[in-house]
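In what follows, a single structure is set out as structure tokens and then discussed.
The values are calculated or read from the model by the stated rules, or taken from the named source; none is laboratory data. The structure presented is a predicted model; accordingly, all values stated were derived computationally and were not measured. Glycine gets a Cβ as well: all are built from the backbone with ideal geometry, and neighbour counts include every protein chain shown.
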Amino acid sequence: MKHLIFIISLFFFLPTEGQQDTIVVTDYTKLMVGTNQGGEVFPVTSLEEVKHAGFFINGIPEGILRICSSEDLFIWANGKLIDVIDECHYYKPQEFFHEVDTDTIYISFSTESSLAELKCELVIFEDLLVIRDQVFQHREIRNEFKEFIIIALLILLVFIGIIISSFPSRVSYLLEKSFTLKASAYEFVNTGFFTGASMYLLSFYSLALAFTGIYLDSLLSYGLFGVHDSLSEFILSWLQVAFGIFILFILKWLVISVVAGLFKFRGLKNYQLFDFLNFNLVLLMPILILLILDFVLNHSSQSLVASGHMIVFPLMLILFVIWFTLKFVNNSPRKKLSIISYLCATEIIPVIILLGWFFK
């Protein structure tokens, strides 16, 4: 009987021996602030209807950051993606300061719904064993986003090298006459849609535009292309978006072919797609270069890219419609009414639909 009582006593008292006190030093959910497009800071009184919020830390505090969320939570430090979690994670504050290399950091969080379930506390464990075994374990925080950018840029550079070496005349025209309003003989001879040059340029355009979309989506935490927890997910999502763009271009070619046949505009389908691809590639390249420079120069500080910069994409479509309309009118003997009717079916109405979706 004594042995039984002793065993029962061990059962009840041993767990309390292993328990430890967790002292909450600061509850950062009570100190949350938000930022608007102008960079102004305002206090956040409730996280229930907020998708993005954060707090400032000046200097490295003593303790451990305990961050918990029941759904996918993006964690940022001065605009740089640090981690994506869906449970409780522990971080040493030094990790955030090491990532951004500044004395003051803005740690922010974002989700697809709201931050109502967010917990972010600075805690201290009294049990040193817990600190050693649970918190100060070596954690390699791989920045899959950064790795994806490097790999994607290398692939795009390979495409550029192949296109420049294999199709120099097309590249020369692309750089010199993409915005001209005067039609040239080159356009009518070299505008075959399924030629090697067009397919390579279309593949590069699809990959470059998809990369730009994934980059901005991840940087601005829109979640349009889902949540990516690994490098393979980033690459798979990139290829899927690129393939979708490629298919949309094929559908555009089919629509233009049908409408051009109805209006009896022979050869116009290739000519129009040729100009569309040239025009948008030339506009996309500076955007891509600026994003790369922002990534390289601001890797240790807040990105200069803001949500307001997304307006550049609908502007590209609008500019092409205006430019191609002027070029078509200036170079076609057809009546202007026929030209406008044709453009409404192939360019203007699709652009209006896309703009409605974009600004919704």
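Of all residues in region 261-281, those that are buried (at least 20 other Cβ atoms within 10 Å of the Cβ) and assigned to a loop (DSSP other than H, G, I, E, B) total 1.
Here LEU317, LEU284 are screened, and the one residue that is at pLDDT 90 or above, surrounded by 15 or more Cβ atoms within 10 Å (Cβ to Cβ) and of a type in the set (A, V, I, L, M, F, W, C) is LEU284.
Taking the conditions (1) of a type in the set (S, T, N, Q); (2) under 16 Å from TYR215 (Cβ atoms); (3) modelled with pLDDT of 85 or more in turn, ASN298 satisfies each one other than (3).
Within region 30-47, if we keep just the residues that are at pLDDT 85 or above and closer than 23 Å to LEU224 by Cα, the residue that is surrounded by the most Cβ atoms within 10 Å (Cβ to Cβ) turns out to be LEU47.
Once region 240-260 is narrowed to residues that are in contact (Cβ under 8 Å) with a residue 24 or more places away in the chain and among the aliphatic types (A, V, I, L, M), the residue that is surrounded by the fewest Cβ atoms within 10 Å (Cβ to Cβ) is VAL255. Can you find a residue that is free of Cβ contacts under 8 Å to residues at least 24 places away in the same chain and among the small types (Gly, Ala, Ser) anywhere in region 39-52? Checked against the condition, which is being free of Cβ contacts under 8 Å to residues at least 24 places away in the same chain and among the small types (Gly, Ala, Ser), region 39-52 yields at least one hit. Scanning region 326-356 for residues that are basic (Lys, Arg) and over 22 Å from MET316 (Cβ atoms) yields ARG334, LYS335, LYS336.
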